[in-house]
Amino acid sequence: MKRVLAIVLCLCMIFTFVACTTATTDPEPAEEPVAEGGETGGEGAPTIEAETHEPFTVNIAAGRPGDTWYVLSYALASFINSRSEWLRAEVSATAGIADDVRMVAGDPELQKKSLVCTMVPGNDVWGAEGNYLPKLIAMMAFQSDCFITLDPKMTLEDMQGKNIALPRDTAYGNGLVCRNFLKMAGVTDYNYLPDGNGGRLTALQDGAADVGVLVPDFYYPDTFTMGSGMLELSARGTLYFPLQGRTKELLPLMAEACKSDPFVDQYAMPPMVAVAPAGSFGEGQTEDVPFFTWPIYLAAGDEVPDYVIREVLRIYYEAAQNKEFEDYHACGKGITPEFCAFSPWEPGEQRDRLYHPAALAFYEEVGQEIKSFSDLQKSLIGE
């Protein structure tokens, strides 16, 4: 009898271990919210009719657990699992946001049922992997890069010859955009210290870097706060911003940096620059400061059925109307109906190629205007 009990206990331990180490999570259904006016979406919101289809399971490749977009994907999956009669969602962890596209691009079966969290710029967002091209269906958040220093006298021109901590150079990544900008601004002789967010923070804390790029939090459309790295660096002293007070002068250069070598032809980036009002990032920011900001969005290839994308968007959009994402992550407060349909690209060839037609049809159905970075920048600088 003891031997039988021992065998049963061992089997239970094995099953528990396997369940805890899988890379895919199946979120618990979220409690259905009660909207104002008795309708999903709140008072005055358009009614979005649900459709009926055969059961379908969609997988969301969401980056590392703990990433903003992973948390938001988990929230979306839980909404889907509680509010759709036929669609179910799972969330898969990967090595990072750039790995989401790589993972799905290499598996034709995954392409048929996967959504990916991806970004502009990013390693493979332009379809560099074979014929797989994930297209935007809904915006999620921003990841931003802002030039910061502890030296109150540091200006853009003073960065010549200094040690500058920048994002790593990756294929079509944000590090190259930052270096493009410095070159255009005449800062051509400097010691380049490439690293991730944590490494750049350490270089600034230790004094190895005179200037570095850190990440502020930007919640659409006009809320700006210090990111965690900025807060940690502020323990060493007041933060200063070499680009502050020169927004109108530098915006054209920063926009051009997104479109210059190696970002040419099909890789031409949209201009991605936000402007934080004076005081947003502490007492050292006495004037407006421009910074690069990279859109993070949910995307799907043409291989995913349009009716699946519509069901995902129906639930995503209604959750945005009810401001439900902010219960899961601070950046969720920026997910509004307007932000869902926001476009990194201006109307034209790029938007037509990179914005999913099923998403365009959905936003037209609900009467949601699609705004772009030019609209955002004009509002931020008061035009």
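Annotation for the range 339-350: no member residue is of a type in the set (D, E, K, R), part of a helix (DSSP H, G or I) and farther than 17 Å from Leu133 by Cβ. Selection over the range 156-189 of residues that are surrounded by fewer than 18 Cβ atoms within 10 Å (Cβ to Cβ), closer than 24 Å to Gly237 by Cα and not acidic (Asp, Glu) gives a count of 4.
Residues that are aliphatic (A, V, I, L, M), free of Cβ contacts under 8 Å to residues at least 60 places away in the same chain and outside any helix (DSSP H, G or I) within the range 62-109 comprise Ala62, Ala95, listed in sequence order. What are the residues in the range 213-226 that are under 16 Å from Gly332 (Cβ atoms), of a type outside the set (A, V, I, L, M, F, W, C) and buried (at least 19 other Cβ atoms within 10 Å of the Cβ), if any? Selection gives Asp217, Tyr219, Tyr220. For the range 230-250, the set of residues classified as in a loop (DSSP other than H, G, I, E, B) and over 9 Å from Pro290 (Cβ atoms) consists of Ala235, Arg236, Gly237, Thr238, Leu239, Phe241, Pro242, Gly245, listed by residue number.
Residues that are over 18 Å from the mean Cα position of the chain (by Cα) and small (Gly, Ala, Ser) were ranked within the range 346-378; the one that is modelled with the lowest pLDDT is Ser374.
Is at least one residue of the range 215-228 at positive phi and assigned to a loop (DSSP other than H, G, I, E, B)? So far as the range 215-228 goes, no, none of its residues is at positive phi and assigned to a loop (DSSP other than H, G, I, E, B). Of the residues making up the range 358-383, those that are of a type outside the set (A, V, I, L, M), farther than 16 Å from Met140 by Cα and either touching a strand residue (DSSP E or B) at 6+ places or on another chain (Cβ under 8 Å) or surrounded by 19 or more Cβ atoms within 10 Å (Cβ to Cβ) (or both) are Phe362, Gln377. You will find that of Gly284, Gly348, the residue that is out of contact with any His (no Cβ under 9 Å at 6 or more places or on another chain), surrounded by fewer than 17 Cβ atoms within 10 Å (Cβ to Cβ) and either of a type in the set (Gly, Ala, Ser) or under 23 Å from Ala98 (Cα atoms) (or both) is Gly348 and no other.
Among the residues here, Arg310 does not qualify as over 17 Å from Asn174 (Cα atoms) and in contact with a Leu (Cβ under 9 Å, 6 or more places away or on another chain).
When the range 274-303 is filtered for residues that are within 24 Å of Ala341 (Cβ to Cβ) and not in a strand (DSSP E or B), the ones remaining, listed by number, are Gly301, Asp302, Glu303.
The values are calculated or read from the model by the stated rules, or taken from the named source; none is laboratory data. As the structure is a computational prediction, the values presented were derived from the model and not from experiment. Methodologically, a virtual Cβ is constructed for each residue, glycine included, from the backbone with ideal geometry; neighbour enumeration extends over all protein chains shown.
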